[in-house]
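S.K.: Take a look at this one; I'll ask things after.
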Amino acid sequence: MTRFYSKRDLHFQLFENQNCLELTQLPYFADHSEVTFKLVLDSAEQIAEKSLRPLLTEMDRNEPQLIDGKIRIHPGMKAIIRQFGEDGWINALFPYEEGGQQLPWTIHITAGFIFQAANYSASVFPFLTTGASNLIRTFGSKDLIEKFTPNLFSGLWQGTMALTEPDAGSSLSDISTTAFTTEKSGVFKIKGQKIYISAGDHDACENIIHLMLARIQGAPAGTKGISLFVVPKIRISGESNDVLTQGIYHKMGYKGAPIAHLMIGSNDDCEGYLVGEANQGLKYMFQMMNEARLGVGMNAVGIASAAYQASLAYAKERPQGRKVGEKNLSQAQVPIIEHADVKRMLLFQKSAVEGSLALLIYCAILSDKIAHEENEVRKNEMELLLDLLTPIAKSYPSEMGVQSTSAAVQVLGGAGYTTDFPVEQYYREARIHPIHEGTTGIHGLDLLGRKVLIQEGLGWKLFEKEIESTIDNSKELSDLDSIRQTFELQLKKFNHAAAQILFKMNQGPEKFLADATLFLEATGIVCIGWMWLKQAVSSQKALNTKESEQDFYFGKIETARYFMEYELPKINGLIERFHSNTYPTIAMRKEWF
């Protein structure tokens with residue numbers, strides 16, 4: 001079986017390049033060690049190989065169906081979801097007293113990377129439940145926690161996030177689902193509809209528990225009037241709760257996990273239970289949003305990793321043609337990995353996958369530190385840095401995941417376009433991530449319009465400081481001089497351009513933000529360049545102190561060199577475009593298209 005991720009690289013990222021073991025110095029994680037972390041990751045690999053991976057193709061070819069008002073999914077998912085519950089994956093992050101393992105989110109999300117690389121569709125069910133149950137345990141009453149979390153933790157019930165409506169996607173301020181007060185305290189009657197709800201209905205769990213956004217009748221307009229509710233498909237008493245599955249969407253990829261169209265309260269008999277305070281729903285949801293968005297970035301890397309590994313294995317085995325200068329046809333054909341253009345496509349994939357993975361693990365460690373930081377000044381700084389990095393760490397892996405899986409198809413040539421090989425499935429599945437949890441355009445607006453400017457640009461200054469620290473570390477290693485100098489040259493151009501774009505603020509928000517997506521793309525490239533400089537530093541230090549695994553470390557350094565010389569220069573075209581003063585994207589009228 002072709003491997004779907006590199007265990008060696010994952011261990012490098014966690015224990016050599018980022019040193020996640022720093023987390024064990026925090027009291028909450030003190031019981032953990034490198035041994036326990038690796039045991040968790042090994043367990044994830046076993047589940048991925050034995051349970052998830054064998055269903056990869058079947059779940060794609062036999063997608064869920066809506067039959068008699070209920071969505072039917074692959075029959076193998078019932079045992080898989082239950083296994084995640086019984087093995088403690090769903091509540092692994094939570095305290096011991098809640099039955100959890102106090103596992104760092106860093107290790108949980110990297111275990112998720114293994115699951116996603118094996119079978120993305122199968123992996124999403126338990127992680128959705130983790131997110132939903134975390135909202136209840138964090139903001140819900142003791143009564144809600146006791147009634148709902150045990151069966152969510154066990155995998156008996158499925159958790160969802162029910163946000164999107166037909167007229168309210170990215171613009172959640174326009175949601176129309178309404179909550180009406182009843183005589184019971186904290187109990188409301190909910191009426192409306194939700195669309196694109198992942199795992200919103202299926203037959204592998206006994207109940208579906210929706211964490212649903214709705215507006216209490218009479219609440220303020222916009223985001224300030226949105227509340228959060230627990231809305232089960234079946235009430236605790238066993239009665240139906242008037243949540244009907246109106247339809248199922250047939251997707252381009254990621255087919256094994258259904259997305260449902262739900263009708264809420266069609267018979268005016270849907271109960272919803274208020275989570276926390278009224279009108280605080282979006283605030284609660286967005287406190288969890290950083291992790292959700294970083295999770296989408298990791299999903300994208302998992303799929304891209306599987307595609308890269310498949311194309312790498314094919315390139316090593318597939319003989320075709322001879323070296324460009326070889327004219328003797330009696331010579332045997334060479335594996336296509338010997339050809340420069342195939343190496344370029346493989347290097348692009350390797351640089352995108354391993355660079356993105358490095359950034360996401362960096363962000364995950366930062367998130368774990370924030371959760372347990374007691375110094376308010378330091379906590380604020382780390383939060384600002386993570387807030388700044390989140391739209392980048394979500395969007396770069398998502399966009400490059402599409403390009404990377406496309407390169408995997410190209411490596412295989414005609415074979416890649418067929419269903420006889422898995423890369424066409426990976427290509428289709430990768431396309432969801434620039435859309436999930438906020439489109440790339442939304443994240444561009446978030447980065448340039450909010451995150452760069454908050455607290456007089458402190459987050460951006462901290463970002464620059466972190467990059468400069470890595471540059472300083474690389475100066476101690478003369479073998480990396482050319483890589484560092486190339487990075488510094490492009491960084492100087494980018495920093496100048498970033499400073500210039502801020503002058504557009506006085507031209508009004510429409511012009512200032514017109515090319516926010518281009519700014520996000522350029523920032524993402526610089527950020528991954530920084531991650532590759534970090535990996536080059538870690539690898540060169542290893543080469544200077546140990547004799548084993550030299551191929552692995554040389555491969556890291558040469559990939560860093562590739563990124564600096566092939567990918568990083570792409571920021572120059574982006575800089576030219578977002579410095580345009582003609583604003584064709586604003587000037588163009590809809591009638592002219």
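The values are calculated or read from the model by the stated rules, or taken from the named source; none is laboratory data. If you're wondering where the values come from, they're calculated on a predicted model, not measured in any experiment. All Cβ positions, glycine included, derive from the backbone under ideal geometry; neighbour counts span all protein chains shown. SASA here: full protein model, heavy atoms, side chains in, ligands and nucleic acids out. Shrake-Rupley method; radii C 1.70, N 1.55, O 1.52, S 1.80 Å.
S.K.: Quick one: putting +1 on the C-beta of Lys and Arg, -1 on the C-beta of Asp and Glu, what dipole do you get for segment 297-428 around its Cα centre, in Debye to the nearest 20?
M.R.: It comes to approximately 760 debye.
S.K.: Hey, how much of the P(r) for segment 447-520 falls beyond 19 Å, as a percent of Cα pairs?
M.R.: 45
S.K.: For segment 30-169, just say rounded, prolate or oblate: build the C-alpha gyration tensor, square-root its eigenvalues into a ≥ b ≥ c, call rounded for a/c under 1.5, and beyond that prolate if a/b exceeds b/c, oblate if not.
M.R.: oblate
S.K.: Residue by residue through segment 267-281, which ³J(HN,Hα) values in whole Hz follow from phi under the Karplus form 6.51 cos²θ - 1.76 cosθ + 1.60 (θ = phi - 60°), with glycine and proline marked x?
M.R.: Once θ is set to phi - 60°, the couplings for segment 267-281 become 9, 6, 9, 9, 8, x, 10, 4, 9, x, 8, 5, 6, 10, x Hz.
S.K.: Compute the convex hull volume of the Cα atoms of segment 49-120, divide it by the residue count, and report the result per residue in Å³ as a whole number.
M.R.: Dividing the Cα hull volume of segment 49-120 by its residues yields 105 Å³.
S.K.: Take the alpha carbon atoms of segment 551-565, find their center, do the same for segment 26-95, and report the distance between the two centers in whole angstrom.
M.R.: When both Cα centres are located, 33 Å separates them.
S.K.: Give the long-range amide H neighbours of V275: residues separated by 5 or more places, or on another chain, with amide H under 5 Å away, using H modelled in the peptide plane at 1.01 Å from N.
M.R.: Correct list: L228, F229, V230.
S.K.: Excluding ligands and nucleic acids, what accessible area in Å² is computed for R82 using a 1.4 Å probe, to the nearest 10?
M.R.: Accessible surface of R82 is approximately 40 Å².
S.K.: Give a residue-ordered list of calculated ³J(HN,Hα) values for segment 71-77 (Karplus: 6.51 cos²θ - 1.76 cosθ + 1.60, θ = phi - 60°; whole Hz; x for Gly, Pro).
M.R.: For segment 71-77, the Karplus curve yields 7, 9, 10, 4, x, x, 6 Hz.
S.K.: Can you give me the accessible area per residue for segment 397-518, using a 1.4 Å probe, in Å²?
M.R.: I get 48 Å² per residue for segment 397-518.
S.K.: Structure shown: which of K379/K534; K191/K590; K70/K224; K78/K394; K350/K379; K511/K590 lie over 27 Å apart, alpha-carbon to alpha-carbon?
M.R.: The answer is K191/K590; K70/K224; K78/K394; K350/K379.
S.K.: Now for a different question. Can you give me the solvent accessible area of K541 with a 1.4 Å probe, rounded to the nearest 10 Å²?
M.R.: Rounded to the nearest 10, that gives 100 Å².
S.K.: Measure out, as a whole number of angstrom, how far apart the alpha-carbon centroids of segment 405-474 and segment 331-359 sit.
M.R.: Using only Cα atoms, the two centres lie 19 Å from each other.
S.K.: Tell me which residues come under 5 Å, amide H to amide H, from G159 once H is placed; ignore anything under 5 positions away on its chain.
M.R.: The list, which skips near neighbours in sequence, is T129, I209.
S.K.: Going from most exposed to least, what order do F113, F15 have by accessible area with a 1.4 Å probe?
M.R.: Largest to smallest exposure gives the sequence F15, F113.
S.K.: Amide H of I248: which non-local residues (sequence gap of 5 or more, or other chain) have their own amide H closer than 5 Å, using H built in the peptide plane?
M.R.: H261
S.K.: While we're on this one: Using a 1.4 Å probe and ignoring any ligands, DNA or RNA, find the accessible area of M505 and quote it in Å² to the nearest 10.
M.R.: Counting only protein heavy atoms, M505 exposes about 90 Å² to solvent.
S.K.: In terms of Cα to Cα distance under 17 Å, which lysines are near enough to K343, apart from those fewer than 8 places away along the same chain?
M.R.: K316, K323, K556
S.K.: I've got another one for you. Using the C-alpha gyration tensor of the chain, what are the square roots of 5 times its eigenvalues, in whole angstrom, with the largest one first?
M.R.: 39, 29, 25
S.K.: Sticking with this structure for a sec: Which value, in Å to one decimal place, does the Kirkwood hydrodynamic radius take for segment 400-441 when every pair of different Cα atoms is included?
M.R.: It is 10.6 Å.
S.K.: What size of dipole, in debye to the nearest 20, comes out for the chain about its Cα centre when the only charges are +1 on Lys and Arg C-beta atoms and -1 on Asp and Glu C-beta atoms?
M.R.: 1180
S.K.: Could you tell me which residue out of M288, N581, F125 lies farthest along the dipole of the chain toward its positive end? Charges go on the beta carbon: Lys and Arg +1, Asp and Glu -1, centred on the Cα centre.
M.R.: N581
S.K.: State in Å² the accessible area per residue of segment 230-304; use a 1.4 Å probe, count heavy atoms of protein chains only, and round to the nearest integer.
M.R.: Ligands and nucleic acids excluded, the result is 36 Å² per residue.
S.K.: Hey, another quick one. So how do H11, H250 rank on accessible area, 1.4 Å probe, biggest first, that is with the largest at the start?
M.R.: H250, H11
S.K.: Given the C-alpha centroids of segment 241-285 and segment 488-540, what is the distance between them in whole angstrom?
M.R.: Here the answer is 38 Å between Cα centres.
S.K.: Hey, what do the phi angles of segment 247-262 turn into as Karplus ³J(HN,Hα) couplings, whole Hz, using 6.51/-1.76/1.60 and θ = phi - 60°, x for Gly and Pro?
M.R.: x, 10, 8, 9, 9, 5, x, 6, 6, x, 9, x, 10, 10, 9, 10
S.K.: Using only helices, what value at 222 nm comes out for the chain when you add -39,500 (n - 2.57) per DSSP H run of length 4 or more and divide by the total residues, to the nearest 500 deg cm²/dmol?
M.R.: It comes out at -16500 deg cm²/dmol, rounded to the nearest 500.
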